[in-house]
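These notes are about the structure you will find just below.
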Amino acid sequence: MSVTREEVAKIASLARIKMGDAELDTMVPELNNILEWVEQLGEVDCSGVEPMTAVIPNTLRLRDDVVDADPKTGGGRREDVLANAPLAEHGFFGVPKVIE
């Protein structure tokens, strides 16, 4: 796959990037080189490779989800907090429906 000068001009127009003739002529081979590289990546056999999100294994360090019942530090005061809500439903703030 390769791009032409006209296609690069259209892409620049869609991206709202002003490019002169010299810049367009410079970008055509650069974009073609990038597309060739992407095609090379498509030729790599990845059938035995498991998908991953990072190069090294990551695990999240999570704290225990514990309710602090001490009123001095702000816990155990659900009713006091919900008293300020315009609408409280089932122990939570009620919000208007956004999606029909």
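Every read-out reported here was derived from the displayed coordinates using simple, explicitly stated rules and does not represent laboratory data. These numbers were taken from a predicted model, which means no experiment stands behind them. Methodologically, a virtual Cβ is constructed for each residue, glycine included, from the backbone with ideal geometry; neighbour enumeration extends over all protein chains shown.
Using a Cα-Cα cut-off of under 19 Å, which lysines could be cross-linked to LYS10, ignoring same-chain neighbours fewer than 8 residues away?
Once the sequence-local lysines are set aside, what remains near LYS10 is LYS18.
At a temperature of 37 °C and a viscosity of 0.692 mPa s, determine how fast the chain diffuses translationally according to Stokes-Einstein, using the Kirkwood radius over alpha-carbon pairs as Rh; express D in µm²/s, rounded to the nearest whole number.
On the way: Rh = 20.9 Å.
Once the numbers are plugged in, D ends up at 157 µm²/s.
If you place +1 on the Cβ of every Lys and Arg, -1 on the Cβ of every Asp and Glu, and leave all else neutral, what size is the dipole of the chain about its Cα centre, to the nearest 20 Debye? Don't skip to the end; give the middle numbers.
Numbers: 10 positive and 19 negative charges, 128 e Å.
For the chain, the charge dipole is close to 620 debye.
Using alpha-carbon pairs under 8 Å, 6+ residues apart, how would you state the relative contact order of the chain in percent? Don't jump to the answer; show the numbers that get you there.
Working: 42 pairs, mean separation 15.0, N = 100.
After rounding, I find 15 percent.
Report the label-to-label distance for ARG78 and ASP64 in nanometres (one decimal), using points 7 Å from each Cα along the Cα→Cβ vector.
Each label point is offset 7 Å from its Cα along the Cβ direction, giving 1.9 nm.
Need one word for region 21-64: rounded, prolate or oblate. Basis is the Cα gyration tensor (sqrt eigenvalues a ≥ b ≥ c); a/c below 1.5 gives rounded, then a/b vs b/c decides. Mind showing how you got there, number by number?
Values: a/c = 7.46, a/b = 2.03, b/c = 3.68.
Note, shape of region 21-64 comes out oblate.
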